[in-house]
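Peer 1: Dumping the structure here so I can ask a few things about it.
The values are calculated or read from the model by the stated rules, or taken from the named source; none is laboratory data. Owing to the predicted nature of the structure, the values given are computational and were not obtained by experimental measurement. All Cβ positions, even for glycine, are placed from backbone atoms using ideal geometry, and neighbour counts span all protein chains on display. For accessibility, only protein heavy atoms count, side chains too; no ligands or nucleic acids. Shrake-Rupley method; radii C 1.70, N 1.55, O 1.52, S 1.80 Å.
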Amino acid sequence: MKRVLCLMLTLFLLAGTIFAGGEKEGAVAGKVTLDVLAYGDAANVEGQQWINIVEGFMSENPNIEIKYELLYDEAYHQKRTARIAAGDVPDLAYLGADARWGKDWMEAGLLVDHREWLDPEYYDLSLIPSMGPNGEVWYVPLGTSNITTVLYMNRALVEQLGFSAPKTYEDLVAMVPAARAKGLNVVEIAGADGWVWGSCLMSGIVGRVTGDPAWVQKAVKGEKKFTDPEFVASLALLKKMVDDGVLSSKSLLVNYGTALSNFNNQKALFMIDGQWRAGGIDPTLAENVELLPIPTLPGEKSNVAGSAAAAISVGYGLTKVGAEDPAKREAGLRFLQYFNSPMWVEQRLRDGAIVAPILKNFPLPDDLPTIVKRKVVFAQGVKVITDVIDAHLSGAANDALNAGMQKIVGGQATPEEVAAQVEKLARQ
């Protein structure tokens, strides 16, 4: 009898040990089904990766079922709006922090702050920007923010003229005579495309001159005015750049493809564009190309030094519905960490789906192209992110701003006139 009792006690203690410590922290007990609204297409890289991740996750977590709907482009936006309106809210979803990707969720009160769930030993929290008015983080972004204001520099060409990387606007001005003598532009920009003026140049200028990274969204809300002196001064810098020879008025004839071609053919020392353009740099030139922030501008405020305009990356996060159910919350958090595991993050980096990882101490693979490595270093080094104008300003007001900047560069309108028109349209 004693032997039987001892055996029963041993089995009881062993079972207790397995229950208490045999599973990973945050383990999910019982069967849990997560309803997920995902983004992608089975025929594209993003969609294929999603499918592979879900299959891998469920094979490792047989007690969690990922029941998902995978939609792409407008089909996703339409279905998201319809599901929210019908009260058919998923537990976890593809989310964003701007008007296009996050407005519906925000207005319906379906976003939840993820900060307490983000492991600071796993994620580099300094690379995850605040998304709400009180610093909230509504989801886990795929990567660092999508930087729209990058100054690409042909280092070899700059050094041939006897210069180095510019730290100030005046450094660019100093290059003008030498560049003109060689028949080169200082800064190339696709000026025929209005959105480039807004997203790739003015978005960076406004944050610097106003000293307020969120100035644009405040203006859209009516807390600031587009006729305020600081915004007019931002627009006035475009005319100064042309007058000083940093930009050419002929850039208004250069379309998006031609600007890249001109830079690749070494007809300019620099090019203004977004981080995504790194993938279009000629491989024979790429080793000599560096990514820089816009140098210090006349009148900029010190608190935004080195800043860049960027749109917060989209990503996945729990909705209020999923977070309120403890079992679904634990299952969802486990999936988010699996989705953001180093293997899948590296693949997104290779595919060009992200700018740079947000994982802490992520080692860059040795075989990555040099310009991709430089893009990662650049993105992770930008600590102050400013508004991208068209992430907040839309419709006729944004169209008027883009066209107005072209008119300023062409000498057909003053900064004051353009600012007045944008302000009027923004209030309609």
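Peer 1: If I filter the stretch 364-400 down to residues being among the polar types (S, T, N, Q) and surrounded by 14 or more Cβ atoms within 10 Å (Cβ to Cβ), which single residue comes out as nearest to residue 218 (Cα to Cα)? Give the derivation first.
Peer 2: So in the stretch 364-400, the residues among the polar types (S, T, N, Q) come out as 370, 380, 386, 394, 398.
Cutting the leftovers down to surrounded by 14 or more Cβ atoms within 10 Å (Cβ to Cβ) gives us 380, 386, 394, 398.
Details: 380: 26, 386: 12, 394: 14, 398: 15 Å.
If we take residues in the stretch 364-400 being among the polar types (S, T, N, Q) and surrounded by 14 or more Cβ atoms within 10 Å (Cβ to Cβ), then 386 is nearest to residue 218 (Cα to Cα).
Peer 1: For the stretch 277-311, what are the residues that are among the hydrophobic types (A, V, I, L, M, F, W, C), part of a loop (DSSP other than H, G, I, E, B) and touching a Phe, Trp or Tyr at 6+ places or on another chain (Cβ under 9 Å)?
Peer 2: Quick first cut of the stretch 277-311, residues among the hydrophobic types (A, V, I, L, M, F, W, C) only: 278, 281, 285-286, 289, 291-292, 294, 297, 304-305, 308-311.
Imposing the further condition that a residue be part of a loop (DSSP other than H, G, I, E, B) reduces the set to 281, 294, 297, 305.
Those that are among the hydrophobic types (A, V, I, L, M, F, W, C), part of a loop (DSSP other than H, G, I, E, B) and touching a Phe, Trp or Tyr at 6+ places or on another chain (Cβ under 9 Å): 281, 294, 297.
Peer 1: Taking only pairs six or more apart or across chains, which ones have beta-carbon atoms under 9 Å, a first residue in the stretch 277-300 that is in the same structural domain as residue 257 (by the TED database), and a second residue that is part of a loop (DSSP other than H, G, I, E, B) and among the hydroxyl-bearing types (Ser, Thr, Tyr)?
Peer 2: Short answer, once both residue conditions are applied: 293/149; 293/307; 294/149; 294/307; 300/307.
Peer 1: Might you let me know whether the stretch 409-427 holds any residue that is in contact with an Asp or Glu (Cβ under 8 Å, 6 or more places away or on another chain), open to solvent by 40 Å² or more (accessible area, probe 1.4 Å) and not β-branched (Val, Ile, Thr)?
Peer 2: no
Peer 1: Can you tell me which condition residue 393 does not meet? The list is (1) over 30 Å from residue 121 (Cα atoms); (2) touching a residue at least 40 places away in the same chain (Cβ under 8 Å); (3) part of a helix (DSSP H, G or I), and all the others hold.
Peer 2: Every condition holds for residue 393 apart from (3).
Peer 1: If I filter the stretch 146-197 down to residues being charged (D, E, K, R) and not in a helix (DSSP H, G or I), which single residue comes out as least open to solvent (accessible area, probe 1.4 Å)?
Peer 2: If we filter the stretch 146-197 for residues that are charged (D, E, K, R), which is where we start, we get 155, 159, 167, 170-171, 180, 182, 188, 193.
Going one step further and asking which of them are not in a helix (DSSP H, G or I), we end up with 167, 182, 188, 193.
Values: 167: 150, 182: 142, 188: 5, 193: 43 Å².
Residue satisfying both the conditions and the ranking: 188.
Peer 1: While we're here: Which residues, counting only those in the stretch 29-54, are in contact (Cβ under 8 Å) with a residue 24 or more places away in the chain and among the small types (Gly, Ala, Ser)?
Peer 2: Let us first name the residues in the stretch 29-54 that are in contact (Cβ under 8 Å) with a residue 24 or more places away in the chain, namely 29-42, 44-47, 49, 53.
Correct list: 29, 30, 38, 40, 42, 47.
Peer 1: Yes or no: residue 404 over 19 Å from the mean Cα position of the chain (by Cα), assigned by the TED database to the domain that holds residue 319 and surrounded by 21 or more Cβ atoms within 10 Å (Cβ to Cβ)?
Peer 2: Spelling it out, it is not the case that residue 404 is over 19 Å from the mean Cα position of the chain (by Cα), assigned by the TED database to the domain that holds residue 319 and surrounded by 21 or more Cβ atoms within 10 Å (Cβ to Cβ).
Peer 1: Specify the residue that is most open to solvent (accessible area, probe 1.4 Å); the eligible residues are those in the stretch 300-342 that are within 14 Å of residue 207 (Cβ to Cβ) and among the aliphatic types (A, V, I, L, M). Break it down stepwise before answering.
Peer 2: Of all residues in the stretch 300-342, those within 14 Å of residue 207 (Cβ to Cβ) come to 300-311.
The next check asks that each one be among the aliphatic types (A, V, I, L, M); those that pass are 304-305, 308-311.
On the way: 304: 0, 305: 59, 308: 0, 309: 0, 310: 9, 311: 28 Å².
The selected residue is 305.
Peer 1: Tell me whether the stretch 242-254 contains one or more residues that are within 18 Å of residue 183 (Cα to Cα), in a helix (DSSP H, G or I) and charged (D, E, K, R).
Peer 2: Scanning the stretch 242-254, I find at least one residue that is within 18 Å of residue 183 (Cα to Cα), in a helix (DSSP H, G or I) and charged (D, E, K, R), so the answer is yes.
Peer 1: Considering only residues that are free of Cβ contacts under 8 Å to residues at least 60 places away in the same chain and assigned to a loop (DSSP other than H, G, I, E, B), which ones fall in the stretch 213-227? Explain how you work it out, then say what you get.
Peer 2: To start, the set of residues in the stretch 213-227 that are free of Cβ contacts under 8 Å to residues at least 60 places away in the same chain comprises 218, 221, 223-224.
Within the stretch 213-227, 223, 224 qualify.
Peer 1: If you go through the stretch 276-299 one residue at a time, do you hit one that is among the aromatic types (Phe, Trp, Tyr), open to solvent by 20 Å² or more (accessible area, probe 1.4 Å) and within 17 Å of residue 374 (Cα to Cα)?
Peer 2: Keep residues of the stretch 276-299 that are among the aromatic types (Phe, Trp, Tyr), which gives 276.
Cutting the leftovers down to open to solvent by 20 Å² or more (accessible area, probe 1.4 Å) gives us 276.
Going one step further and asking which of them are within 17 Å of residue 374 (Cα to Cα), we end up with 276.
Yes, that holds for at least one residue.
Peer 1: Would you please name the residue that is nearest to residue 332 (Cα to Cα), looking only at residues in the stretch 106-118 that are touching a helix residue (DSSP H, G or I) at 6+ places or on another chain (Cβ under 7 Å) and free of Cβ contacts under 8 Å to residues at least 40 places away in the same chain?
Peer 2: 118
Peer 1: Residue under question is residue 361, and the condition is that it be part of a helix (DSSP H, G or I), open to solvent by 10 Å² or more (accessible area, probe 1.4 Å) and not hydrophobic (A, V, I, L, M, F, W, C); does it hold?
Peer 2: Details: part of a helix (DSSP H, G or I): no; open to solvent by 10 Å² or more (accessible area, probe 1.4 Å): yes; not hydrophobic (A, V, I, L, M, F, W, C): yes.
When the stated conditions are applied, residue 361 does not pass them.
Peer 1: With 142, 125 as the choices, which residue is open to solvent by less than 50 Å² (accessible area, probe 1.4 Å) and either in contact with a strand residue (DSSP E or B) (Cβ under 8 Å, 6 or more places away or on another chain) or outside the structural domain of residue 379 (by the TED database) (or both)?
Peer 2: Numbers: 125 fails: open to solvent by less than 50 Å² (accessible area, probe 1.4 Å).
Criteria check complete, one pass: 142.
Peer 1: Still on this model: Suppose we keep only residues that are touching a residue at least 40 places away in the same chain (Cβ under 8 Å), closer than 27 Å to residue 398 by Cα and buried (at least 20 other Cβ atoms within 10 Å of the Cβ) within the stretch 63-105. Which one would you say is farthest from the chain's Cα centre (by Cα)?
Peer 2: Filtering the stretch 63-105 for residues that are touching a residue at least 40 places away in the same chain (Cβ under 8 Å), closer than 27 Å to residue 398 by Cα and buried (at least 20 other Cβ atoms within 10 Å of the Cβ), the one farthest from the chain's Cα centre (by Cα) comes out as 80.
Peer 1: Being part of a helix (DSSP H, G or I) and of a type outside the set (S, T, N, Q) is the requirement here; does residue 420 meet it?
Peer 2: Working: part of a helix (DSSP H, G or I): yes; of a type outside the set (S, T, N, Q): yes.
In short, yes.
Peer 1: OK, next. Residue under question is residue 388, and the condition is that it be β-branched (Val, Ile, Thr) and touching a strand residue (DSSP E or B) at 6+ places or on another chain (Cβ under 9 Å); does it hold? Break it down into steps so the answer makes sense when it comes.
Peer 2: Values: β-branched (Val, Ile, Thr): yes; touching a strand residue (DSSP E or B) at 6+ places or on another chain (Cβ under 9 Å): yes.
For residue 388, the condition - β-branched (Val, Ile, Thr) and touching a strand residue (DSSP E or B) at 6+ places or on another chain (Cβ under 9 Å) - is met.
Peer 1: Further question on the same structure: Do any residues in the stretch 170-187 that are within 18 Å of residue 156 (Cβ to Cβ) and among the charged types (D, E, K, R) have Cβ atoms under 7 Å from those of residues that are modelled with pLDDT of 95 or more and not in a strand (DSSP E or B), where the two are at least six apart or on different chains, and which pairs are they?
Peer 2: Short answer, once both residue conditions are applied: 171/295.
Peer 1: Say we look at the stretch 32-62 and pick out the residues that are open to solvent by less than 20 Å² (accessible area, probe 1.4 Å) and aromatic (Phe, Trp, Tyr); which of these is nearest to residue 316 (Cα to Cα)?
Peer 2: Among residues in the stretch 32-62 that are open to solvent by less than 20 Å² (accessible area, probe 1.4 Å) and aromatic (Phe, Trp, Tyr), the one nearest to residue 316 (Cα to Cα) is 50.
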